[in-house]
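J.: Got a structure for you, questions after.
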Amino acid sequence: MIYMIHINNLSYRYPDGTLVLDSVSMDVHKGEFVAIAGKNGSGKSTLLRHMNGLMLPSEGSVVVKGMDTIDSSFILNIRQIAGMVFQDPQSQFIGMTLEEDVAFGPENLGLPQEDIRKRVDMSLQDVGMQEYKHQTPGSLSGGQKQKVALASILAMKPEIILFDEVTSMLDPYSRGEILGLITQLHENGTTIVYVTHRLEELVHADRLIVMENGRITHNGYPRVILSQGNVVDSGFEFPPVIELAKRLCDSGFIDPACFPLSREKLMEALCQLM
Amino acid sequence: MDDLFLSFVPVNSILHRLDPRTKIIGLMLASICILKASSFMEITLIMFVFLILLFICHLPVMHFVRSVRPMLLFFAILFLVQLFFTEGTVIFSFKWLSVSYEGLVLGTIITLRFVFLLLFASLLTATTSPSRITAGIESFLRLLPLKHIGISSHDFAMMMSLSIYFAPLLYDNFRSLRDAQISRGLDIKKEPVKAIFSISIPLVATSVRRVEEVAMAMESRCYSGIGRTSMYVMEFRRMDYLFYLLYFFIFSFFTMPYFKGYIII
Ligand SMILES: Nc1ncnc2c1ncn2[C@@H]1O[C@H](COP(=O)(O)OP(=O)(O)O)[C@@H](O)[C@H]1O
Ligand SMILES: [Mg+2]
């Protein structure tokens, strides 16, 4: 397998001395969908921000497609390859109209004008926001803003997209739409790293990493990790579906190997039982 | 964000499509004419030009009313000061206050001058996106010998565009804090000093955080300030040349010496 991101013994300390990441090692492979989950303050955002060089390791190393983030001559290259979408739909909007916002990245890459326009149109089309391109963000809903944020990253033609709790400020409907776009990107070959504290969003992940106090406590198949008892200690709330599945699993009704992560799968499992 | 003072309103019109440089020069020339205007005839002419531009810019009149509204108090004071403190033929007096004919004329003209300056400025900002204005100004700055005093026109333009990126964000932030404090029972009119503190202190704190967030979003998208290109190319088209021709006529009309003598009669 090809490593897209290779993190080795990464530790990060804020200038005030707080240790936020403690010897973290992990890899992301090409085309993978990795979910990172954990309580608030467990260090998920800090870890993610190391993956495109927004933060640099205090110890250890982060290598993106063979380029070490500590080498400043690689940094723009790394950021083009690994784009990031943030949590707050409002404060990642740069420019006055949607079109200007999406153009910001390609403009920074120094592309000629026609290329920029082509990329802007294409990426807005990909997220279904083409018709709004001359509007100001003031008129958009949170979900629409996140779509534009995604478009503005797509316009840079990244190979990896890092998502930092992008659905946490959205209503359920927009959340579904954004997740749909992300899975579609994954199917088309984009590598996805998806930070969340909602377990029900893990359905699409190939792999789940659980963080606690700046360390990785679990790293493996989502269904295997969730069917084990001890994730509960990591302190997230289980959505009712997984809670129920877990209890059925613990009492031996469901085989842990086919632990259901979604409502549909649980339904199937229950039907089989009956 | 949409009712921001001097904000950009993206629609398609002749004025929107003009090169930003044409519009910036137009605003400069208009300002000179406005500041020189000293008779009702000239003010009427300026108003006429504004109405034509208003007609072709496809923007609601309300947008311009909104840009003038925040300044109403200023205009009122300006007018009253001229009205009461200009000496001349008294046309009306009440106790120790007296209004002169000259004061009425001067007050009206001076106030209208400021109103039109503001209106023309908002014509520029409403029809030109900030990044285009910045690009236009940068290309003018490039002509100046700024390098010799240690400023590159590029740094300057970058500074301007950064403040343009951050301004709406800060304004938005201000508004939500103000609303939050009002909903907690703050009465801005009754306790103005308390209001200033209870809004400005959290405003600084949250603004720092949000500016950091925006800066991070910019960095994430490869912003380094150098080697940037633009989605907009600046080029003069036929319409731009037509506008320069109009500028020439209108401007020389205003600055022609006999014109002044003619209208005073
Ligand atoms: N500027 C900072 N200085 C010191 N500590 C910080 C700073 N920013 C965040 N932290 C701490 O780092 C820890 C991890 O934060 P973060 O990576 O944002 O967690 P998560 O995204 O999982 O909620 C938190 O405990 C937080 O208090
Ligand atoms: Mg976070």
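J.: Filter segment A:158-174 for residues that are under 17 Å from the mean Cα position of the chain (by Cα), more than 16 Å from ligand 2 (Cβ to nearest atom) and not aliphatic (A, V, I, L, M) and give the result.
T.: A:Pro158, A:Glu159, A:Ser174
J.: How about segment B:120-139: which of its residues are open to solvent by 20 Å² or more (accessible area, probe 1.4 Å) and without any contact (Cβ under 8 Å) to a residue 40 or more places away in the chain?
T.: B:Glu138
J.: Ok, one more. Would you pick out the residues in segment B:201-242 that are among the β-branched types (Val, Ile, Thr) and within 28 Å of the chain's Cα centre (by Cα)?
T.: Residues satisfying the conditions are B:Val204, B:Thr206, B:Val208, B:Val211, B:Val214, B:Thr229, B:Val233.
J.: For segment A:11-57, give me each residue that is of a type in the set (Gly, Ala, Ser) and within 25 Å of A:Ser168 (Cα to Cα).
T.: A:Gly31, A:Ala35, A:Ala37, A:Gly38, A:Gly41, A:Ser42, A:Gly43, A:Ser45, A:Gly53
J.: Does B:Phe40 satisfy the condition of being out of contact with any Pro (no Cβ under 8 Å at 6 or more places or on another chain), modelled with pLDDT of 95 or more and open to solvent by 10 Å² or more (accessible area, probe 1.4 Å)?
T.: No.
J.: Could you check how many residues of segment B:80-94 are without any contact (Cβ under 8 Å) to a residue 12 or more places away in the chain and open to solvent by 80 Å² or more (accessible area, probe 1.4 Å)?
T.: Number satisfying all stated conditions: 3.
J.: For A:Pro158, only one of the following conditions fails: (1) more than 15 Å from A:Gln80 (Cα to Cα); (2) touching a residue at least 60 places away in the same chain (Cβ under 8 Å); (3) within 11 Å of chain B (Cβ to nearest Cβ). What is its number?
T.: (1)
J.: Please list, ordered by first then second residue, the pairs with beta carbon atoms under 7 Å, 6 or more apart or interchain, first in segment A:103-128 and more than 11 Å from chain B (Cβ to nearest Cβ), second among the small types (Gly, Ala, Ser).
T.: The qualifying pairs are A:Ser123/A:Ala151; A:Ser123/A:Ala155; A:Leu124/A:Ala151; A:Asp126/A:Ala151; A:Val127/A:Ala151.
J.: Here's something else I'd like to know. Got at least one residue in segment A:120-132 being aromatic (Phe, Trp, Tyr) and open to solvent by 50 Å² or more (accessible area, probe 1.4 Å)?
T.: Within segment A:120-132, one or more residues are aromatic (Phe, Trp, Tyr) and open to solvent by 50 Å² or more (accessible area, probe 1.4 Å).
J.: Now, a different point. Would you be able to say whether some residue in segment A:66-79 is under 19 Å from the mean Cα position of the chain (by Cα), within 12 Å of chain B (Cβ to nearest Cβ) and within 16 Å of ligand 1 (Cβ to nearest atom)?
T.: The answer is no, given that none of the residues of segment A:66-79 is under 19 Å from the mean Cα position of the chain (by Cα), within 12 Å of chain B (Cβ to nearest Cβ) and within 16 Å of ligand 1 (Cβ to nearest atom).
J.: Another question, if that's okay. Enumerate the pairs (first residue in segment A:169-197 and touching a residue at least 24 places away in the same chain (Cβ under 8 Å); second residue anywhere and assigned to a helix (DSSP H, G or I) and within 16 Å of ligand 1 (Cβ to nearest atom)) with beta-carbon separation below 6 Å, excluding pairs fewer than 6 apart on the same chain, so at least 6 apart or on different chains.
T.: A:Val195/A:Lys44; A:Val195/A:Leu48
J.: What tally of residues in segment B:186-242 results from selecting those that are farther than 19 Å from B:Ser176 by Cα, open to solvent by 60 Å² or more (accessible area, probe 1.4 Å), in a helix (DSSP H, G or I) and facing chain A (nearest Cβ under 10 Å)?
T.: 1
J.: Still on this structure, please answer the following. Could you give me the residue pairs with C-beta distances under 8 Å whose first residue belongs to segment A:13-32 and is without any contact (Cβ under 8 Å) to a residue 40 or more places away in the chain, whose second residue is away from ligand 2 (no atom under 16 Å from the Cβ) and open to solvent by 30 Å² or more (accessible area, probe 1.4 Å) wherever it lies, and which are 6+ apart or on separate chains?
T.: Pairs found: A:Asp27/A:Tyr3; A:Asp27/A:His6.
J.: Another question about this same structure. Quick check: is even one residue across segment A:90-98 part of a helix (DSSP H, G or I) and surrounded by 20 or more Cβ atoms within 10 Å (Cβ to Cβ)?
T.: yes
J.: Moving on to the next point. Being within 12 Å of ligand 2 (Cβ to nearest atom) and open to solvent by less than 40 Å² (accessible area, probe 1.4 Å) is the filter here; which residues of segment A:23-57 pass it?
T.: Those that are within 12 Å of ligand 2 (Cβ to nearest atom) and open to solvent by less than 40 Å² (accessible area, probe 1.4 Å): A:Ile36, A:Ala37, A:Gly38, A:Ser42, A:Gly43, A:Lys44, A:Ser45, A:Thr46, A:Leu47, A:Leu48.
J.: Of all residues in segment A:58-81, which are open to solvent by less than 10 Å² (accessible area, probe 1.4 Å) and touching a helix residue (DSSP H, G or I) at 6+ places or on another chain (Cβ under 9 Å)?
T.: Matches in segment A:58-81: A:Val62, A:Val64, A:Thr69.
J.: Quick one: which residue in A:Ala155, A:Ala149 is within 16 Å of ligand 2 (Cβ to nearest atom) and open to solvent by less than 50 Å² (accessible area, probe 1.4 Å)?
T.: That would be A:Ala149, the only listed residue that is within 16 Å of ligand 2 (Cβ to nearest atom) and open to solvent by less than 50 Å² (accessible area, probe 1.4 Å).
J.: Given the criterion free of Cβ contacts under 8 Å to residues at least 60 places away in the same chain, of a type in the set (D, E, K, R) and over 25 Å from A:Gly138 (Cβ atoms), identify the matching residue among B:Arg142, B:Arg209, B:Arg221.
T.: B:Arg142
The values are calculated or read from the model by the stated rules, or taken from the named source; none is laboratory data. Nothing here was measured: the structure is a model prediction, and the numbers come from that model. Backbone-built Cβ (ideal geometry, glycine too); neighbour counts: all protein chains shown. Side chains are part of the model used for accessible areas, which takes the heavy atoms of the whole protein and leaves out ligands, DNA and RNA. Shrake-Rupley method; radii C 1.70, N 1.55, O 1.52, S 1.80 Å.
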